[in-house]
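Some notes on the structure that comes next.
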Amino acid sequence: MIRHIVFFTVPERANLEAVIEGLSLLTGIPHARRLEVGTNIRADRFDGRIDVVVHGEFDDEAALAAYHAHPLYQQSIDQVKPLRGERYAADYVVEDAVGSGVVPLTDKI
């Protein structure tokens, strides 16, 4: 599985809802196993520049490529790019990532 994470800054706070609306178009693309658009809650004590996060999960690189080729992807870019500031993206293979997997919340308490 491929995990796709994109971070956006929105310099003009008045444009935040329009950016979220434009990124929400991506949820209509059928190639993602999961796709979420969220507003940063700024819980990180070191950096609060990121305003919006897109998180997607794809079966493989072909599904991610199909997502990028979908017309709604370009429509989202056309709507969001003039309003956003910085954009940072990363993709990685989940099975190759270092980690302990999902731990049920009850095990953390």
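The values are calculated or read from the model by the stated rules, or taken from the named source; none is laboratory data. If you're wondering where the values come from, they're calculated on a predicted model, not measured in any experiment. Cβ coordinates were reconstructed from backbone atoms using ideal geometry, including for glycine residues, and neighbour counts include every protein chain displayed.
How many residues are assigned to a strand (DSSP E or B) and under 16 Å from residue 87 (Cβ atoms) when one looks only at the range 46-62?
Number satisfying all stated conditions: 5.
Return the total of residues in the range 2-45 being of a type in the set (A, V, I, L, M), in a loop (DSSP other than H, G, I, E, B) and over 19 Å from residue 70 (Cα atoms).
3
Which one of these is at pLDDT below 95 and among the small types (Gly, Ala, Ser): 97, 69?
Of 97, 69, the one residue that is at pLDDT below 95 and among the small types (Gly, Ala, Ser) is 97.
Of the numbered conditions (1) in a helix (DSSP H, G or I); (2) crowded, with 16+ Cβ neighbours inside 10 Å, residue 65 satisfies every one except a single condition; which is it?
Result: residue 65 passes all but (2).
Could you list, in sequence order, all residues of the range 68-84 that are under 15 Å from the mean Cα position of the chain (by Cα) and over 14 Å from residue 25 (Cα atoms)?
Result: 84, single match.
Select from the range 28-56 the residues that are among the charged types (D, E, K, R) and more than 14 Å from the chain's Cα centre (by Cα) and write down the one among them that is nearest to residue 8 (Cα to Cα).
Only one residue tops the list, namely 49.
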